[in-house]
Amino acid sequence: MRSQHPKSIQKLFPALGTLNAVTVYDTDTDTATAALTAVRERVLSMDQTMSLFRKDSEISEINRMAGIRPVAVHPDTLAVIASGIRLGKQTKGAFSLTAGPLNLLWKNAMKSGVLPDNDAVRNAGKRVRHGRVIIDTADRTVFLSRPGMMLDLGGIAKGYAVDVSASILRSFGIRHALISFGGSIRVLGESRTVGVQNPFQETGVSFGELDLPDSQAVVTSGSYEQQRLLEGHRCHHIIDPRTGWPTESGLVSVTLTGRNATVLDALATGAFVLGAKKSVPILRKTGIEGIFVFEDGTVRTTEGMNGRFRMSETDSKNLPA
Ligand code: ADP
Ligand code: MG
């Protein structure tokens, strides 16, 4: 009976380096509680196995065994890596799971405030090789075939966690829900409207609204969250594997919408690296729509965003300063 259902039940929990929120609507309390607990457990287990920052994670073990031997992994880890490699090929390496050595170099540089020298960048760049990730699906193993290689799932894991959470909720018979992990969101059932982060403002300030019908997801990637000026260079956490430097594509954020949050997460990072012009053909092929925000505040959207995305300032194509 409808009247027995509370309007919505939400669970919040930290994992994957962000605060995750899952809200279910129109569900009885027992089902909601069981489903939300199952989601939380699965996502926490993904954090355990996929974190680069835990020494006992599967990813850390894969990285330690680079050039030595394959490592057996959980099916979730295998699935994320397999998708990541496929999407790496689609973006011609702009998105690369093997960007680990460069990501680490630049993370340390931003922490210490010292720009890395060219040799260090070149040396790290040599170990970025997505063609050298060997996946054995039958044995469920992953092998980095060169020493010094390092996987980093930071650009895709959250999207995968969103998709997995959606299927868990469905398996409990939940029809209406909103899953929001950092910048990755997915809707089940009734259409919802979400705000799109204004990259020039603090977290939570949006510059427009996007309608998300049943099963649709949205993911935003941007350089605005963690950035620092080092000796005149704007440094941030999305690295261009082709140059070894923090990406300079003229963009500050990319927001993508489509049916698969795993794909969107990887492609949002990849599109940020490639820039708007080069990524639009890739998006078109995969039925994904995008909103690109440029450094000068210009906003451009793909055609399919018409009618689904509304800027707060309707008479302007530029973001309010
Ligand atoms: P966020 O994690 O801030 O939501 P992204 O999905 O764009 O944003 O992921 C950024 C993370 O992805 C970085 O912190 C790093 O771990 C990893 N990364 C950085 N550059 C790349 C790249 N070119 N390809 C794949 N992963 C990357
Ligand atoms: Mg990403």
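Summary of values
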quantity	calculated
Which listed residue is modelled with pLDDT of 95 or more and either closer than 30 Å to residue 190 by Cβ or buried (at least 19 other Cβ atoms within 10 Å of the Cβ) (or both), from 62, 68	62
Residue in region 278-285 that is touching a strand residue (DSSP E or B) at 6+ places or on another chain (Cβ under 6 Å) and part of a strand (DSSP E or B) present	no
Set 304, 244: member being touching a strand residue (DSSP E or B) at 6+ places or on another chain (Cβ under 6 Å) and of a type in the set (Gly, Ala, Ser)	304
Residue that is surrounded by the fewest Cβ atoms within 10 Å (Cβ to Cβ) [pool: residues in region 111-132 that are touching a residue at least 60 places away in the same chain (Cβ under 8 Å) and under 15 Å from residue 240 (Cα atoms)]	122
Enumeration of residues in region 142-178 that are touching an Asp or Glu at 6+ places or on another chain (Cβ under 9 Å), part of a loop (DSSP other than H, G, I, E, B) and away from ligand 2 (no atom under 16 Å from the Cβ)	174, 175
Positions within region 188-227 being part of a strand (DSSP E or B), open to solvent by 70 Å² or more (accessible area, probe 1.4 Å) and within 14 Å of ligand 1 (Cβ to nearest atom), in sequence order	227
Selection from region 114-151 of residues that are among the small types (Gly, Ala, Ser), modelled with pLDDT of 95 or more and more than 17 Å from residue 273 (Cα to Cα)	120, 124, 138, 145, 148
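Condition check ((1) out of contact with any strand residue (DSSP E or B) (no Cβ under 7 Å at 6 or more places or on another chain); (2) away from ligand 1 (no atom under 16 Å from the Cβ)) across all residues:
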position	(1), (2)
119	yes, yes
125	yes, no
134	no, yes
147	yes, yes
178	no, yes
185	no, no
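The values are calculated or read from the model by the stated rules, or taken from the named source; none is laboratory data. Since the model is a prediction, treat every value here as computed from it, not as a measurement. Heads up, the Cβs are rebuilt from the backbone with ideal geometry, glycines too, and the neighbour counts pull from every protein chain shown. Please note that ligands, DNA and RNA were not included when accessible areas were found on the heavy atoms of the full protein model with its side chains. Shrake-Rupley method; radii C 1.70, N 1.55, O 1.52, S 1.80 Å.
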